[in-house]
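These notes are about the structure you will find just below.
The values are calculated or read from the model by the stated rules, or taken from the named source; none is laboratory data. Keep in mind that this is a model prediction, so the values were computed, not measured. Counting neighbours? That spans all protein chains shown, and the Cβs are built from the backbone with ideal geometry, glycine included.
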Amino acid sequence: MTFTVVRNDEDQYSIWPAGRDLPPGWLSAGVTGPRDQCLAHIDAVWTDMRPRSLRDRMATR
């Protein structure tokens, strides 16, 4: 099965079956492939698990 890496507006990542409509609020991150490849990409790019709104709020303190 082929998956697509998706990202929401809080910079949180997940995978979604390729070819299916994306769920509301999620956009393609531009990576499609086997599950393991997609999860490896997420491991490489999603280094801070906090939602973007929390990171922004903490940065202004």
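Quick check: is even one residue across segment 26-36 surrounded by 12 or more Cβ atoms within 10 Å (Cβ to Cβ) and acidic (Asp, Glu)? No, because not a single residue in segment 26-36 is surrounded by 12 or more Cβ atoms within 10 Å (Cβ to Cβ) and acidic (Asp, Glu). The test for being in a helix (DSSP H, G or I), modelled with pLDDT of 95 or more and surrounded by 10 or more Cβ atoms within 10 Å (Cβ to Cβ) holds for ALA40. Mind counting the residues in segment 1-30 that are in contact (Cβ under 8 Å) with a residue 24 or more places away in the chain and in a loop (DSSP other than H, G, I, E, B)? Number satisfying all stated conditions: 5.
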